[in-house]
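Notes follow the structure.
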Amino acid sequence: MLDLQFICDHSDEVKKNCEARGVTVDVDAVLQFREDRNKLITAGDELRRQAKETSSKIPNASAEERPALIELGKKLRDEVSEAEAKQKEVEVKLYEQQSLIPNMTHPDAPVGGEDDATELRVVGDKPNFDFEPLDHVDIAAKLDLIDFEAGSRVAGHGFYYLKNDAVMLELALIQFALMKVRSEGFTLYTTPDLARDSVLEGIGFNPRGEETQIYSVSGTDLSLVATAEITLGGAMKDQTVDITDLPIKVAGLSHCFRTEAGAHGRKTRGIYRVHQFTKVEMFGFTGPDVEQSNALHMQIVRIEEEIFQALGIPYRLIDTATGDLGGPAYRKFDLEAWMPGRGEYGEVTSASNCTDYQARRLGIRCRSAEKKGTQFVHTLNGTAISCARALIAVLENYQQADGSVVVPEVLRPWVGKDVISVS
RNA sequence: GGAGAGGUGGCAGAGUGGCCGAUUGCACCGGUCUUGAAAACCGGCGUGCCGCAAGGUACCGGGAGUUCAAAUCUCCCCCUCUCCGCCA
């Protein structure tokens, strides 16, 4: 959520930003609701003041004065409740509109839609196969690495069983990513796979809406998390930290569950788009200025690149265009790995600087000796390794003519072999 | 899941209907004293919202209620601790 004062002081900029992001919001309505609300607050405060004054007179009032004061108190109480109801009504409308306004955008982010993203760099050499490369589904079939049938039988389309060396490969990817982020100063966590709806909402997910991406548990206020971003960010909900404790860098391993509503029929072969996968996510809290959050953003992107470089997987780095940014993101970089079976790049990581947008809704503040009051921290998130897609990249880039797959060198300690071959 | 005890400002911990936005201690900041420090003493010290300001208002886990008046009484929910049950 954007700061209300900021919206009012910079309404033209906010409008322009909404336009660039392809979001339709009535910014003027927000200004109007705010004005209405402020008047109601002032009026309500005055009524409460009178009510308090009246009540405070009663204990010392004479028996004759008392009944009149009590009557006045009752009248004021009713007026206060009426005023509060009106105020609440306006605040609901205000909040609704305000929530629709996306974060402001980094000045360097390209303006436009998906195709307008800036390709910042292309790293690594695509493998030269002297044979027709297979996609990960066929590779996995030959090597008996994934059981899609069992997945469907047990949980439906979009679920899968990893099997044999794919299990070791997945765990190796996790281990490798965890070691890497720990060496970069991130505190490691495994996090809950369920979270309260209020936490999901704070991060920017809409758990029970019509087109929700989220599975929710009926009869509870819990939902399955779509990413550990939810639990890592949510862990600090309503907390105030000392500014000298920032930045806080954490990383979490969790399962991720997504309904993928409306994604049917679009490049859904294999484990590219699935309802459940495992991911190591980085999350950061920094002091409240973009210099600090941008610096951590760059570190997160650098780590992501180094992970894929170490895995020996060619990729390109994308600076996401305004129209493709989620509401909370100020800027977002995606790593897209080369996937020979698909014959194209596929998104494998995503790193966002959300500035204070998430923190405002989650109530994560910091306190400093210099400034009175508190300020909202900046939050960032980025993928260290997302197993399903990383697995695709490994299998497809490391496939051999004989159907075997060479294990990337950095993963061998955990996989326990150099090559995965037909047994 | 059952029984009991709790949740108050950065921490500790009073407060059971009006004198309480809240006693006190610690921590913290400023001052006096001191060669310096400690101790002692004096003063300050929560957050949000409205307001140009003076000031007002809200907040004692969260929500609803009773009352002229709620940290305090009632109900629901969340959380923590102890014991019991169950269990990887």
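The values are calculated or read from the model by the stated rules, or taken from the named source; none is laboratory data. This is a predicted model, so every value here is computed, not measured. Quick reminder, even Gly has a Cβ in these numbers, built from the backbone with ideal geometry, and neighbours come from all protein chains shown. Each accessible area value is taken on the protein alone, full model and side chains, heavy atoms only, with ligands, DNA and RNA left out. Shrake-Rupley method; radii C 1.70, N 1.55, O 1.52, S 1.80 Å.
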Going by the structure shown, is A:Leu120 at pLDDT 95 or above and either over 16 Å from A:Cys387 (Cα atoms) or among the basic types (Lys, Arg) (or both)? yes
I'm checking my understanding of the structure. Among residues of segment A:1-17 that are polar (S, T, N, Q) and within 25 Å of A:Gly112 (Cβ to Cβ), which one is farthest from RNA strand B (Cβ to nearest atom)? A:Asn17
Being part of a helix (DSSP H, G or I), assigned by TED's automatic domain parsing to the domain that holds A:Lys16 and either more than 9 Å from RNA strand B (Cβ to nearest atom) or out of contact with any Pro (no Cβ under 8 Å at 6 or more places or on another chain) (or both): is that true of A:Ala63 here? no
Report whether or not A:Arg302 is away from RNA strand B (no atom under 16 Å from the Cβ), modelled with pLDDT of 95 or more and among the basic types (Lys, Arg). yes
For segment A:80-113: of the residues being free of Cβ contacts under 8 Å to residues at least 40 places away in the same chain, assigned to a helix (DSSP H, G or I) and open to solvent by 40 Å² or more (accessible area, probe 1.4 Å), which is nearest to A:Glu19 (Cα to Cα)? A:Glu96
Over segment A:116-146, the set of residues β-branched (Val, Ile, Thr) and either open to solvent by less than 60 Å² (accessible area, probe 1.4 Å) or under 24 Å from A:Leu169 (Cα atoms) (or both) is A:Thr118, A:Val123, A:Val137, A:Ile139, A:Ile146
Consider only pairs whose beta carbons are under 6 Å apart and that are at least six residues apart or on different chains; among these, list those whose first residue lies in segment A:60-71 and is under 14 Å from A:Gln50 (Cα atoms) and whose second residue is not in a loop (DSSP other than H, G, I, E, B). A:Leu69/A:Thr54; A:Leu69/A:Lys57; A:Leu69/A:Ile58
State which residue pairs qualify: first residue assigned to a helix (DSSP H, G or I) and inside segment A:235-257, second residue modelled with pLDDT under 90 and not polar (S, T, N, Q) in any location, beta carbons under 7 Å apart, and separation of 6 or more residues or different chains. A:Ile243/A:Arg367
Could you tell me whether A:Lys237 is surrounded by fewer than 20 Cβ atoms within 10 Å (Cβ to Cβ) and closer than 30 Å to A:His106 by Cα? yes
Where in segment A:141-211 are there helices (runs of 4 or more DSSP H), lying fully within it, with 3 or more residues that are at pLDDT below 95? A:148-155, A:197-203
